[in-house]
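Notes follow once the structure below has been shown.
The values are calculated or read from the model by the stated rules, or taken from the named source; none is laboratory data. Keep in mind the model is a prediction, meaning the values are calculated, not measured. Ideal geometry is used to build each Cβ from the backbone, glycine not excepted, and the neighbour counts take in all protein chains shown. The area values use the complete protein model at the heavy-atom level, side chains included, leaving out ligands, DNA and RNA. Shrake-Rupley method; radii C 1.70, N 1.55, O 1.52, S 1.80 Å.
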Amino acid sequence: MEDRFGHRISYLRVSITDRCNERCNYCMPRELQEWLPREEILRYEETVRLIRIAADLGVTKVRVTGGEPLTRRGVVDFVRQIPAIPGISSVGISTNGTLLGRGIDILPMGPALKAHATMAQTLRAAGVQSINVSLDTLDRERYAQITGRDFHPQVLAGIDAAIAAGFDQIKLNAVLMRGRNEDQLIPLIEFAGERNLILRFIELMPVSTTEVLTEENFLPIAEAKRAIESRYGGLIPEPSFRTNGPATYYQISGRDQRIGFIGAMTNLHFCESCNKLRLTCDGKLRPCLGSYLEFDIMKPLRAGASDDELRQFFIDVVDRKPEQHDFRDNYQPDRKMIAIGG
Ligand code: SAM
Ligand code: SF4
């Protein structure tokens, strides 16, 4: 699938729930905290069918997200089906990390041999190759203020569990907020460096209500880079290193450590290499996170559409993909980030 601007669509972000066990203020402001009814959420078999159709059309990478994807029952059995879809070569999960270290019972060889594994191990065994964990601060109190929950110890345990599970890639994502975590840039870099993880800093985006992004709390990538350079010396660009998304990567000079920046607001080239399409948990295809456009594929799916008809639906949505996002025009979507799937 290719859009009108030559973007080849190979990456599908699949949100499986709008629910979450945290309450990050930039993602789900207090007045928007209500969940969709179950029947409005795609069933796993419906989601798998749509991924298969996307794979027929050239999607090779899938990232499962939410809300918090690990809160949905049956998530492991769901993700296990994705690597088996012809054409899919990479499966990842974005998570707040709170549940990665939780022990779950598995029945590897029947009830007689019940064993205990962490959620991270179970996901790894189900074929998940990469995990992105959100971590905005190493300060427990601040973490509770940002996320509305005192789950910092669980997240750290979750990161340890992910490391122990042996994923191909683990990334940490930190949303930059002035007054909230600008003092955390260096501690987070040290934390990631010690564990050999890739850390990425994300600019705050206007994806919920107007209060989320203000002049006062916006911390641009350029300023974060300057602070990091004044501590470590130069950041050496690595244009040839890319993951699936729009991050740009740098080596910290004198250290064997890579960090990334996702600057949707200030990087004017942000959309040039976009390869992404999103499926929301309530069955909408969104050609761009930063645009009002979304198309209800659940309706034809539940009305009995054939695979050919659904394939055409995907093609038509990709054809409507905008050249770039509308974030810089003070964009406010009709729905919050948690219901889109970040
Ligand atoms: N619950 C999972 C998590 O927190 O990683 C997955 C879903 S979450 C919506 C995906 C990512 O979007 C997280 O890294 C989160 O920090 C980011 N995010 C949410 N709201 C954002 C905003 N307003 N601006 C920038 N990033 C945001
Ligand atoms: Fe939940 Fe992730 Fe949104 Fe935080 S960013 S409220 S953890 S979905």
Scan segment 61-84 and give yes if some residue there is open to solvent by less than 10 Å² (accessible area, probe 1.4 Å), touching a residue at least 24 places away in the same chain (Cβ under 8 Å) and more than 15 Å from ligand 1 (Cβ to nearest atom), otherwise no. yes
Selection count where residues are more than 14 Å from ligand 1 (Cβ to nearest atom) and within 19 Å of the chain's Cα centre (by Cα), scope segment 1-35: 4
Just a yes or no: is a residue in segment 48-58 at pLDDT 95 or above and either within 16 Å of ligand 2 (Cβ to nearest atom) or under 16 Å from Phe167 (Cβ atoms) (or both)? no
Among residues of segment 127-143 being away from ligand 1 (no atom under 11 Å from the Cβ) and out of contact with any Phe, Trp or Tyr (no Cβ under 8 Å at 6 or more places or on another chain), the residue least open to solvent (accessible area, probe 1.4 Å) is Gly127
Counted residues, segment 265-299 - those being assigned to a strand (DSSP E or B) and over 15 Å from the mean Cα position of the chain (by Cα): 4
Every pair of residues 6+ apart whose Cβ atoms lie under 9 Å, when the first sits in segment 133-155 and is under 25 Å from Gly103 (Cα atoms) and free of Cβ contacts under 8 Å to residues at least 40 places away in the same chain while the second is among the hydrophobic types (A, V, I, L, M, F, W, C) and more than 14 Å from ligand 2 (Cβ to nearest atom): His152/Leu138
Index of the failed condition, Ile338 passing every other in (1) open to solvent by 10 Å² or more (accessible area, probe 1.4 Å); (2) among the β-branched types (Val, Ile, Thr); (3) modelled with pLDDT under 80: (1)
Looking at the structure I just gave you, is Pro69 within 11 Å of ligand 2 (Cβ to nearest atom) and either within 28 Å of His7 (Cα to Cα) or over 19 Å from the mean Cα position of the chain (by Cα) (or both)? yes
Can you go through Asp296, Asp282 and tell me which one is open to solvent by less than 20 Å² (accessible area, probe 1.4 Å), over 23 Å from Leu172 (Cα atoms) and of a type in the set (Asp, Glu)? Asp282
Give me a count of the residues in segment 186-216 that are farther than 17 Å from Asp139 by Cβ and within 16 Å of ligand 2 (Cβ to nearest atom). 12
Looking at the structure I just gave you, is Arg38 modelled with pLDDT under 95, within 16 Å of ligand 1 (Cβ to nearest atom) and on the phi < 0 side of the Ramachandran plot? no
Can you name the condition, by its number, that Ser89 falls short on among (1) open to solvent by 10 Å² or more (accessible area, probe 1.4 Å); (2) within 16 Å of ligand 2 (Cβ to nearest atom); (3) not hydrophobic (A, V, I, L, M, F, W, C)? (2)
Just the residues that are over 16 Å from the mean Cα position of the chain (by Cα) and not small (Gly, Ala, Ser), please, taken from segment 250-264. Tyr250, Gln251, Ile252, Arg255, Asp256, Gln257, Arg258, Ile259
Across segment 9-26, what is the number of residues that are in a loop (DSSP other than H, G, I, E, B) and open to solvent by less than 30 Å² (accessible area, probe 1.4 Å)? 8
Could you check segment 60-97 and list, in sequence order, the residues that are assigned to a helix (DSSP H, G or I) and among the hydroxyl-bearing types (Ser, Thr, Tyr)? Thr71
